[in-house]
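The values are calculated or read from the model by the stated rules, or taken from the named source; none is laboratory data. What you see is a predicted model, and the numbers here were worked out from it, not measured in a lab. With ideal geometry, Cβ positions are generated from the backbone for all residues, glycine too; neighbour counts draw on all protein chains shown.
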Amino acid sequence: MGTFTCSVFTGLSWNPVDDVRALLSYPFMVHALEAGTAVAVMAGVIGWFMVLRRQTFAGHTLSVTAFTGASAAGLAGVPVTVGYFGVCGLGALALAAASGPRRSLSSESAATGSVGALALALGFLFVSLYHGILNGLDSLLFGTFLGITSGQAATLVAVAVASVVVVGAASRPLFFASVDPDVAEARGVPVRLLGLSFLLVLGLSVAETSQITGALLVFALLVTPAATAQQITARPLAGVALSVAIALVVTWVGLALAYFSIYPVGFYVTTVSFALYALTRLLRALT
Amino acid sequence: MLAHEFMRNALVAGSVVGIACGLVGYFVVLRAQVFAGDALSHVAFTGALAAAALGVDLRFGLFAATILGGLVMGALGDRARPDDVVIGTLFAWVLGLGVLFLSIFTTSGSGSRDNGAAGVRVLFGSIFGLSSQDVWTSVALAAIAVAVLAAVARPLLYASIDAAVAAAQGVPVRALGLAFLCVVGIVAGEATQAIGALLLLGLLAAPAGAAQLLTVRPYAGLALSAALALASVWIGLTLSYVFPTLPPSTMVVSTAVAIYACALVCASRSRMRFWPRRMVHA
């Protein structure tokens with residue numbers, strides 16, 4: 001066990017104060033922590049509504065379109081951020097169009113799956129047309145948490161603040177429309193408009209998160225902390241706060257573990273958050 | 001085109017995978033379990049990479065992971081129909097594990113460039129690289145999956161459409177759901193070799209979704225779904241053969257989604273003809 005820990009966690013002195021100081025002595029690590037914090041707060045808030053609205057599959061599909069956006073931007077020679085936001089916005093609109101109000105559950109899931117598969121197929125097409133980034137495919141899909149510049153970190157903070165403010169402003173009607181859409185519609189809440197706007201905000205936030213955790217692992221920050229929070233409490237405000245707190249802890253711990261080891265940050269973030277989720281489910285089943 | 005052996009292999013394996021995906025996909029869509037199918041395809045990715053990192057046969061890891069994944073998801077869900085939050089949480093973690101295995105695999109091998117390409121092959125398939133032995137394996141597996149599905153088709157249909165009434169009549173709804181997820185696991189593992197872990201969802205969801213838009217009769221729908229999936233594979237492979245820059249899996253999935261889009265348009269137009277007055281009033 002001892003030799004195993006040494007070979008996996010290089011440079012860890014097991015003195016917490018020294019370790020944190022070592023961690024914060026590198027600018028790239030500070031940027032990663034800033035960006036990770038912004039993403040975690042946003043993913044905690046938006047993920048909570050996503051889980052409440054049972055739109056996990058839509059969130060996953062949008063995270064997949066982020067990969068398409070990045071590869072399309074690479075092929076067209078425009079900045080990657082433009083590709084992310086453009087394609088994720090389009091994906092959100094396509095999903096909203098595909099899941100009309102009178103569709104059944106099964107046709108909605110078929111439509112979502114088809115949109116996702118098409119997005120991935122196009123992404124792969126762009127990557128193979130643009131031979132240069134074939135080696136970067138893994139980083140497009142799985143993220144490069146540790147290569148973030150200070151400018152990127154500032155952009156991420158701005159987008160995170162904007163989307164949290166938008167969701168916060170619409171939170172009461174959104175909550176009503178999510179819990180009981182029929183009654184909300186009868187009371188004059190614009191349910192369809194809210195649904196479309198939420199998908200758009202979800203798409204944009206997924207686009208933002210993708211730049212850091214990669215398209216496939218966005219999901220870990222969006223869904224798992226929110227699902228854990230909803231296992232613990234049904235009260236909305238406490239739930240959102242808890243979801244944000246879990247996302248923050250998971251991101252910080254994951255980043256720190258990745259700094260001291262040779263394995264990717266995505267693995268640690270998903271594993272820590274899944275362990276928390278499994279633990280809460282187990283505790284709930286026992287009590 | 002048929003003179004090349006790789007093309008013949010690709011067509012045979014692709015047809016078999018297409019028929020299996022079309023038939024299984026029909027039930028997947030009917031049960032609104034497309035997300036579970038998606039999750040199983042990502043499980044396939046992790047399984048294959050785990051096998052690669054540990055140095056065992058890729059196919060062993062693939063099928064062990066998908067069948068196990070199907071069983072776990074069935075066990076977690078109520079009546080073996082897992083909630084999408086449960087699926088999402090589980091497979092976010094499975095993907096994290098996949099990333100770990102990918103990094104172990106790419107850093108451990110001597111030729112790391114080849115190893116990185118292996119990861120891409122698992123994600124997006126390599127249908128033109130199948131040997132004739134691979135083709136026979138996939139024919140045998142598809143036959144097993146289709147036979148199991150045919151054996152349980154009637155009760156599964158009942159359980160999918162109205163689980164509560166079926167359970168009251170003594171249909172073993174839970175066992176059926178578990179068996180079905182296992183079959184989906186087998187098909188997902190098989191399709192991963194042909195069109196890749198990330199794209200098999202298109203072949204699972206799009207032809208079946210189109211078939212359900214075009215007919216409500218179950219057996220006609222099953223046949224139509226298999227036929228549409230088969231057509232997507234053939235058209236996609238031909239396109240990719242004629243234009244070699246276009247990857248085959250992309251062409252197969254794009255064809256399937258294009259067929260689905262056509263079915264959406266047809267279905268909404270026929271609905272307009274059927275209720276002209278209501279559309280005007282609305």
With respect to B:Leu214, is the statement that it is more than 21 Å from A:Thr61 (Cβ to Cβ), among the hydrophobic types (A, V, I, L, M, F, W, C) and within 14 Å of another protein chain (Cβ to nearest Cβ) true? yes
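Taking helices (runs of 4 or more DSSP H) that fall entirely within the range A:27-127, which contain at least 1 residues that are crowded, with 24+ Cβ neighbours inside 10 Å and in contact with a Pro (Cβ under 6 Å, 6 or more places away or on another chain)? Show your work before the answer.
Working: elements: A:27-52, A:56-76, A:80-98.
Output list reads A:27-52.
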When you scan the range A:131-187 for helices (runs of 4 or more DSSP H) that lie fully inside it, which ones turn up with 1 or more residues that are surrounded by 17 or more Cβ atoms within 10 Å (Cβ to Cβ) and modelled with pLDDT of 80 or more? A:150-169, A:171-179, A:181-186
Out of everything in the range A:252-281 that is crowded, with 22+ Cβ neighbours inside 10 Å and of a type in the set (Gly, Ala, Ser), what residue ends up being farthest from the other protein chains (Cβ to nearest Cβ)? A:Gly254
Please identify the pairs in which a residue from the range A:12-23 that is at pLDDT 70 or above has its Cβ atom under 7 Å from the Cβ atom of a residue that is surrounded by 10 or more Cβ atoms within 10 Å (Cβ to Cβ), counting only partners at least 6 apart or on another chain. A:Asp19/A:Leu12; A:Asp19/A:Ser13; A:Leu23/A:Met29; A:Leu23/A:Ala256; A:Leu23/A:Tyr259
Residue within the range B:173-192 that is over 21 Å from B:Gly69 (Cα atoms) and either in a helix (DSSP H, G or I) or not aliphatic (A, V, I, L, M) (or both) present: no
B:Cys266 vs. criteria away from chain A (no Cβ under 13 Å) and either buried (at least 18 other Cβ atoms within 10 Å of the Cβ) or in a helix (DSSP H, G or I) (or both): yes
If you go through the range A:217-236 one residue at a time, do you hit one that is within 28 Å of A:Tyr84 (Cα to Cα), under 12 Å from the mean Cα position of the chain (by Cα) and assigned to a loop (DSSP other than H, G, I, E, B)? yes
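For every residue, the table says whether it meets (1) without any contact (Cβ under 8 Å) to a residue 12 or more places away in the chain; (2) away from chain B (no Cβ under 14 Å); (3) touching a Ser or Thr at 6+ places or on another chain (Cβ under 8 Å).
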position	(1), (2), (3)
A:Asp182	yes, yes, no
A:Gly188	yes, yes, no
A:Leu193	yes, yes, no
A:Val201	no, yes, yes
A:Ala229	no, no, yes
A:Val240	no, yes, no
A:Ala245	no, yes, no
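Within the range B:37-82, which residues are assigned to a helix (DSSP H, G or I) and farther than 23 Å from B:Leu102 by Cβ? I'd like the intermediate steps shown before the answer.
First pass over the range B:37-82, keeping only residues assigned to a helix (DSSP H, G or I): B:37-54, B:58-76.
Answer for the range B:37-82, where residues must be assigned to a helix (DSSP H, G or I) and farther than 23 Å from B:Leu102 by Cβ: B:Leu71, B:Gly74, B:Ala75, B:Leu76.
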Cross-chain or 6+ apart pairs with Cβ under 6 Å, the range A:105-119 first and without any contact (Cβ under 8 Å) to a residue 40 or more places away in the chain, then hydroxyl-bearing (Ser, Thr, Tyr) and crowded, with 24+ Cβ neighbours inside 10 Å: A:Ser114/B:Tyr260
Some residue of the range B:199-210 being more than 16 Å from B:Val28 (Cβ to Cβ), in a helix (DSSP H, G or I) and of a type outside the set (S, T, N, Q): no
